[in-house]
Amino acid sequence: MGKTKKRNFVVILIIALFVGGWVGLLQNTLSAETLVVCSWGGAYSDAQRAALFKPFEEKTGIKIIDVAPTSTAKIKAMVTTGNIEWDVADVSAAYVILLQKQGLLEKIDYSGFDKKLFDEAVEGTFIPYAVGHSFYSTIMAYRTDVFSKERPRNWKDFWDVKRFPGPRCLMNGTFSGSLEFALMADGVPIDKLYPLDIARAYKKLTEIKPHVVKWWDAGAIPAQLLTDKEVVLTNSWHGRILKILEEGAPVAIEWNQGGLNSMYWGIPKGTKNYKNALKFIEFSIQAENQARWVNYYRGGIGPINKRAFSLIKPEILKNTPTAPENLKMQFLCNSEWWGENLERTTEYWHKWTVQK
């Protein structure tokens, strides 16, 4: 009996040490510093992961868990219920204004930011409830094998189904550039777009509606439809078209009358990782990190840090939306107007889409 008890004690001790080891490991894992960053998925998030998330982890030891896609409705639900799943969210400027009005974002404490960043960043980067990190453009793209002799150069051409026949697609949703594109197709000068004449825009959209075979709601869709020749003309986020261009698709970007938008990092109100969120945001807008992101994404975004331009490869810089030759042909989305009118125009859009 003595030997049996001793053997049982040893077995119990081994089990206890084994279980205790796993519990300790689990506790260490759970207690390790983490940051949940919500972005947009696809090649865009891949570039962020390689150029921003991993280098930040290596520098700070803070593990980034990235999820997608960003949803303002999800942010509202999280803050309302107090169940904050995201620490940082990638949000366009207009939606920052909307979320701010609803009290859903933390105010940014800039006191710990490197002071040189305030000189290096473009105007409008540092706002009370979010920090700008990049620019992107919504542009027109088309098949070069279909329009080899005469190519569409503006939104009036996009609407001209006789000179430029073939199926089109446009982004689904009011904040997509479609209202601005429709107004320019109707003759409104690029520098006279705002405030948007909503009734006039929808009247023009109704003209093109029968020729739109897909109203896309994910960035990969227009690029894929264009590649497969299911459409010959589309609007698209320029980074998606750059990707299929590199893969050899017979397509082209038309920068003329493109819509330039700025993207921001916002912190959902109530996060328990506020300080680490600020650390990541500051890291993401430093010139070297901005340049690495642009280079990795092959020009799919434009930097907000002006010093980053000198660190970007010349062959990639020309593809960015903020390269001088591209920038001068575009309009800057009026985020203030959209922030004030987004809910109203979204309701209008839903009613219009179901009309025959």
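The values are calculated or read from the model by the stated rules, or taken from the named source; none is laboratory data. Model, not experiment: these values are computed from the prediction. Reconstructed Cβ throughout: ideal geometry from the backbone, glycine too, with neighbour counts over all protein chains shown.
Here are the numbers:
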read-out	value
Considering residues of the range 328-356 that are within 19 Å of the chain's Cα centre (by Cα) and of a type in the set (F, W, Y) only, the residue modelled with the lowest pLDDT	W338
Every residue from the range 93-149 that is without any contact (Cβ under 8 Å) to a residue 24 or more places away in the chain and assigned by TED's automatic domain parsing to the domain that holds N289	K107, Y110, S111, K115, K116, F118, D119, E123, F126
Cβ-Cβ under 6 Å pairs, at least 6 apart or on other chains, the range 239-264 side without any contact (Cβ under 8 Å) to a residue 60 or more places away in the chain, far side not in a strand (DSSP E or B)	I244/A223; I244/T227; A249/T227
Among (1) outside the structural domain of A51 (by TED's automatic domain parsing); (2) within 17 Å of W40 (Cβ to Cβ) - the single one I281 does not satisfy	(1)
Some residue of the range 280-303 being in contact (Cβ under 8 Å) with a residue 24 or more places away in the chain, assigned to a helix (DSSP H, G or I) and touching a Gly at 6+ places or on another chain (Cβ under 8 Å)	yes
Test: residue in the range 331-340 that is surrounded by 13 or more Cβ atoms within 10 Å (Cβ to Cβ), assigned to a strand (DSSP E or B) and in contact (Cβ under 8 Å) with a residue 60 or more places away in the chain	yes
Whichever residue in the range 85-95 is at pLDDT 95 or above and within 25 Å of T125 (Cβ to Cβ) and, among such residues, is surrounded by the most Cβ atoms within 10 Å (Cβ to Cβ)	A89
Residue that is nearest to G258 (Cα to Cα) [pool: residues in the range 191-202 that are surrounded by 12 or more Cβ atoms within 10 Å (Cβ to Cβ) and aliphatic (A, V, I, L, M)]	L193
Any hit, the range 348-356, residues being closer than 24 Å to P69 by Cβ, assigned to a helix (DSSP H, G or I) and without any contact (Cβ under 8 Å) to a residue 12 or more places away in the chain	yes
Matching residues in the range 42-67 - criterion: being hydrophobic (A, V, I, L, M, F, W, C) and part of a helix (DSSP H, G or I)	A43, A47, A50, A51, L52, F53, F56
Filter result (part of a loop (DSSP other than H, G, I, E, B) and either modelled with pLDDT under 95 or within 21 Å of the chain's Cα centre (by Cα) (or both)) within the range 304-327	I304, I312, K318, N319, T320, P321, T322, A323
Answer residue from the range 55-84, given it is acidic (D, E) and surrounded by 15 or more Cβ atoms within 10 Å (Cβ to Cβ) and is farthest from N276 (Cα to Cα) among those	D66
Filter pass, T70 being hydroxyl-bearing (S, T, Y) and part of a loop (DSSP other than H, G, I, E, B)	yes
Residue check for S71: touching a Cys at 6+ places or on another chain (Cβ under 9 Å) and either of a type in the set (A, V, I, L, M, F, W, C) or touching a residue at least 60 places away in the same chain (Cβ under 8 Å) (or both)	no
Helices (runs of 4 or more DSSP H) wholly inside the range 184-274 that include at least 2 residues being farther than 23 Å from N326 by Cβ and out of contact with any Asp or Glu (no Cβ under 7 Å at 6 or more places or on another chain)	198-208, 220-227
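Okay, residues lined up against (1) part of a helix (DSSP H, G or I); (2) farther than 24 Å from P324 by Cα; (3) of a type in the set (F, W, Y):
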| residue | (1), (2), (3) |
| --- | --- |
| E85 | no, yes, no |
| L99 | yes, yes, no |
| I108 | no, yes, no |
| L117 | yes, no, no |
| G124 | no, no, no |
| F147 | no, yes, yes |
| F158 | yes, yes, yes |
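Yes or no, residue by residue, for (1) farther than 14 Å from W86 by Cα; (2) small (G, A, S); (3) more than 20 Å from the chain's Cα centre (by Cα):
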| residue | (1), (2), (3) |
| --- | --- |
| A277 | no, yes, no |
| E282 | yes, no, no |
| I285 | yes, no, no |
| R292 | yes, no, no |
| N295 | yes, no, no |
| G300 | yes, yes, no |
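Matching residues to (1) modelled with pLDDT under 95; (2) surrounded by 19 or more Cβ atoms within 10 Å (Cβ to Cβ); (3) under 17 Å from I253 (Cβ atoms):
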{"site": "S134", "(1), (2), (3)": "no, yes, no"}
{"site": "R153", "(1), (2), (3)": "no, no, yes"}
{"site": "N172", "(1), (2), (3)": "yes, no, no"}
{"site": "G177", "(1), (2), (3)": "yes, yes, yes"}
{"site": "A182", "(1), (2), (3)": "no, yes, no"}
{"site": "P189", "(1), (2), (3)": "no, no, no"}
{"site": "K204", "(1), (2), (3)": "no, yes, no"}
